[in-house]
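Let me begin by presenting the structure, written as structure tokens, before commenting on it.
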Amino acid sequence: MPKHDTPLLDELEKGPWPSFVTDLKRQAEKKPECWDILGQLELSFKDRITHWKHGGIVGVFGYGGGIVGRYSDVPKQFPGVAHFHTVRLNQPSSKFYSSAKLRDICNLWEKYGSGMTNMHGSTGDLVLLGTKTENLEPLFYELTHDLKQDLGGSGSNLRTPSCCLGKARCEYSCIDTQALCHHLTMHYQDEIHRPAFPYKFKFKFSGCPNDCVAAIARSDFAVIGTWKDDIRIDQAGVKGYLKGDYIPNAGAHSGRDWGKFDIQKEVIDLCPTGCMWMEGDTLKIDNSECTRCMHCINVMPRALRVGKEQGATICVGAKAPILDGAQFATMTIPFIKVDPDNDFEEVIEVIEKIWDWWMEVGKNRERVGETIMRVGLPTFLTVMEITPAPQHIKEPRSNPYVFWGEDEVEGGWERDVKEFRKRNAQ
Amino acid sequence: MALSNDELKAAILNKAMTAPKPQLYIKDFYECDPDTKPRAVKNAANDLVKEGKLTFWSSGSTTMYAAKGRAKDEELRDTAEENK
Ligand code: HEM
Ligand code: HEM
Ligand code: SF4
Ligand code: SF4
């Protein structure tokens, strides 16, 4: 495959940042089909329209996901990318690999694909970019038999679950994100490998409200670690920060001199619920008002720790539809037990309740968050058998949540209003 | 009363072969038997894929079902063009 002239793309090699154009050119020396990616992209820049056609029936036998069919709509001009399918590999929990495993994956992809990868896609998967249909089965065989890795989810499947580092490396973690992620991945193999829903469904797990996997923004079902009791305060640690013995933010942002640590300005005044204050040199927190934002703990990790009674908050329905714009998940269950000893029974029960309802009520290509918006949060809470709480309210007035049921009203909906008005004149 | 699994599969296949649109969403099959739970309908449709009677068609973000041979097949398009 010949090189193409790419004056527009070449612009993207200027400037100090790394350039995918440079990467592609380097890769093209080994894999000439990469010239055709550059050529087709240049044409798209010129025509101001994509030349990828998407969709197809490609896949490996027994699976209905993990491979996304991609075809060029100008295959005669760019035969190297006539077929250019994407393969998604289920990443290990928290993306922990040995370098040997990464080498094996790269070698496998040099053998069966373009050699180009995307580490990692926004679903969490390792994304292997560009192969032909006839390579899929041999690739899949070696992947599963020699590398002991599996494909991830795509289409209307459960997407590859993903989680933060969790207890493996992070003292903030309130739940074992890796255990939960791995358990649900194994438990829902059928849903990951074969389409199961009216549209995609994503799980993501973060150990604490810092939410390093951005579960609240990117998943239909976000499990975010939290605590029920009080933030643990070590007053000696607080004094250490006040005296300057400890560097705030564990040394983050230290590229610049911010002056002496000011607990009032840097912590107390920034608490979103205004629930912290000093009494002399003792730090006080009104925990009933704390919204678990993590700010104070992030600034003073040697003085403050998450509480001991740990579990998770479940938020449902993040999505980024093109027309409406991005939408965060809605806090649905303030606190739930996340218990590996009972195989995460409580979490699974919530998942399946949501699925049963959404599969029935959701429209084609409607994410669960859109279904909730369509029917209203009160209806969703009723279905989920959750008692509404003030934290379910986004803002007063625009989403009222107290509705009377017919059985709660004297005389029900059929009562004689005229008779009632006689006694309760307006 | 809900259909038996075989009756359900027959109804799904019939719909896939006769519907005006060749490619259908899983929800389009729910009406084959309103008494069967959506997850059971999904399982029956996926069984038909395993048996080679239906195929998946996926855009990458959504998956649809089609009777074998009715799906829009990009691979066939390529062959057809080459044969021209
Ligand atoms: C003794 C006389 C009045 C009393 C005790 C009274 C009381 C109230 C109360 C308790 C509310 C609800 C506030 C809330 O939602 O937090 C309210 C809202 C309101 N009142 Fe009055 N009101 C009186 C007279 C009037 C008059 C004379 C007008 C108009 C000419 C008026 C117009 C309104 C309006 C427009 C609202 C806002 C409704 C809304 O935001 O949904 N009120 N009033
Ligand atoms: C040029 C004239 C007017 C302008 C530009 C105007 C503008 C507005 C604006 C911007 C709001 C706030 C809407 C919101 O909450 O997003 C409002 C609310 C309101 N206006 Fe006016 N207004 C005008 C005349 C009037 C008149 C003449 C009345 C009553 C006789 C009135 C009664 C109200 C009431 C009751 C509300 C509160 C509605 C609610 O929050 O439920 N306005 N108006
Ligand atoms: S989300 Fe919380 S627990 Fe997980 S890695 Fe980030 S800070 Fe640590
Ligand atoms: S976690 Fe956030 S809301 Fe809670 S006390 Fe600290 S700063 Fe305030």
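Quick one: dipole size for the protein assembly as shown, taken about the Cα centre, charges +1 on Lys/Arg Cβ and -1 on Asp/Glu Cβ, in debye to the nearest 20.
980 debye
If you wrap chain A's Cα atoms in a convex hull and average its projection over all directions, what's the area in nm²?
Directional mean of the projected Cα hull area for chain A stands at 29.9 nm².
Tell me, what does the Kirkwood hydrodynamic radius of the stretch A:1-96 come to in angstroms if you use every pair of distinct C-alpha atoms?
15.1 Å
Sort A:Glu110, A:Glu42, A:Glu406 by heavy-atom solvent-accessible area, probe 1.4 angstrom, most to least.
So, going from the largest accessible area down, we get A:Glu406, A:Glu110, A:Glu42.
Which value in nm describes the separation of the simple spin-label points at A:Ala168 and A:Asp324, placed 7 Å from the Cα toward the beta carbon?
3.4 nm
Along the charge dipole of chain A, which of A:Gln77, A:Ala215, A:Gly124 sits closest to the positive end, that is, farthest toward it, with unit charges on the beta carbon of Lys, Arg, Asp and Glu (+1, +1, -1, -1)?
Farthest along the dipole direction, towards plus: A:Gln77.
So how long is each side of the stretch A:269-409 along the principal axes, counting just the alpha-carbon atoms, biggest first, in Å?
Taking the Cα atoms of the stretch A:269-409, the three principal extents are 58, 42, 41 Å.
Quick one: helix B:38-50 against the long Cα principal axis of chain B, what's the angle to the nearest 10°, folded into 0 to 90?
Long axis of B:38-50 versus the principal axis of chain B: about 40 degrees.
Which of the trypsin sites (Lys or Arg not before Pro) found in the stretch A:262-335 are loop residues per DSSP with 16 or fewer other Cβ atoms within 10 Å of their Cβ?
A:Arg302, A:Lys308
Which of the pairs B:Lys42/B:Lys72; A:Lys363/B:Lys15; B:Lys21/B:Lys53; A:Lys53/B:Lys42 have their Cα atoms more than 23 Å apart in this structure?
Violating the 23 Å Cα-Cα cut-off are A:Lys53/B:Lys42.
Using a 1.4 Å probe on the heavy atoms of the protein chains only, list every residue of the stretch B:44-63 that has 20 Å² or more less accessible area in the complete assembly than in its chain alone.
SASA drop of 20 Å² or more in the stretch B:44-63: B:Asn46, B:Lys50, B:Phe56, B:Trp57, B:Ser58, B:Ser59, B:Gly60, B:Ser61, B:Thr62, B:Thr63.
Using a 1.4 angstrom probe on the protein heavy atoms only, could you order A:Ser114, B:Ser58, B:Ser4, A:Ser288 from most to least accessible area?
Sorted by accessible area, descending: A:Ser288, B:Ser4, B:Ser58, A:Ser114.
Which lysines, if any, have their Cα less than 21 Å from the Cα of A:Lys265, not counting same-chain residues under 8 positions apart?
Within reach: A:Lys239, A:Lys243, A:Lys284.
Per residue in the stretch A:352-379, which ones lose no less than 50 Å² of accessible surface when going from chain alone to all protein chains (1.4 Å probe)?
Residues passing the criterion (a loss of at least 50 Å², heavy atoms only) are A:Met359, A:Asn364, A:Arg365.
Near A:Ala217, within a Cβ-to-Cβ distance under 12 Å, what is the net charge of the other residues, with Lys and Arg +1 and Asp and Glu -1?
For residues surrounding A:Ala217, the net value is +2.
Compute the long axis of helix A:345-361 from its Cα atoms, compare it with the longest principal axis of the Cα atoms of chain A, and write down the angle in degrees, 0 to 90, nearest 10.
Between helix and principal axis, roughly 70 degrees.
In the protein assembly as shown, carbon and sulfur make up what percent of the accessible area (probe 1.4 Å)?
Solvent-exposed carbon and sulfur of the protein assembly as shown make up 53 percent of the total.
For chain B, state the semi-axes of the equivalent ellipsoid (square roots of 5 times the eigenvalues of the alpha-carbon gyration tensor), sorted largest first and rounded to whole angstrom.
Taking √(5λ) for each eigenvalue gives 27, 12, 10 Å, largest first.
Would you mind giving the mean number of other chain beta-carbons within 10 Å of the Cβ of each residue in A:48-56, as a whole number?
Per-residue shielding by partner chains comes out at 3.
What does the net charge come to around A:Tyr112 if you take all other residues with beta carbon closer than 13 Å to its beta carbon, with K and R at +1 and D and E at -1?
Surrounding charge for A:Tyr112 is -4.
Within the stretch A:375-393, which residues have the backbone N less than 17 Å from the label spot 7 Å out from A:Cys275 along Cα→beta-carbon, could you tell me?
Label zone hits: A:389-393.
So, with +1 on the Cβ of K and R and -1 on the Cβ of D and E, and no other charges, what is the size of the charge dipole of the stretch A:92-176 about its Cα centre, to the nearest 20 debye?
240 debye
Reachable aspartates and glutamates from A:Lys204, Cα under 15 Å, same-chain residues fewer than 8 places away excluded?
A:Asp125, A:Asp176, A:Asp220
On average, how much accessible surface per residue is there in the protein assembly as shown, in Å², for a 1.4 Å probe, leaving out ligands, DNA and RNA?
Ligands and nucleic acids excluded, the figure is 51 Å² per residue.
Per the protein assembly as shown: cysteines with no other Cys C-beta under 4.7 angstrom?
Unpaired cysteines in the protein assembly as shown: A:Cys34, A:Cys106, A:Cys170, A:Cys174, A:Cys208, A:Cys271, A:Cys275, A:Cys290, A:Cys293, A:Cys296, A:Cys315, B:Cys32.
List the residues of the stretch A:185-205 that lose 50 Å² or more of accessible area once all protein chains are present, compared with their chain alone (1.4 Å probe, heavy atoms only, no ligands or nucleic acids).
Listed by number, the residues meeting the 50 Å² cut-off are A:Pro195.
Could you give the angle, 0 to 90 degrees to the nearest 10, between helix A:99-112's Cα long axis and the longest principal axis of the Cα atoms of chain A?
So the inclination is approximately 50 degrees.
In Å², rounded to the nearest 100, what is the total accessible surface buried by chains B and A against each other with a 1.4 Å probe?
Buried area between the two chains comes out at roughly 2800 Å².
The values are calculated or read from the model by the stated rules, or taken from the named source; none is laboratory data. Fair warning: this is a prediction, and the values are worked out from it, not measured in the lab. Cβ: placed from backbone, ideal geometry, glycine included. Neighbour counts: every protein chain shown. When the accessible area is computed, the model is the full protein with side chains, heavy atoms only, and any ligands, DNA or RNA have been set aside. Shrake-Rupley method; radii C 1.70, N 1.55, O 1.52, S 1.80 Å.
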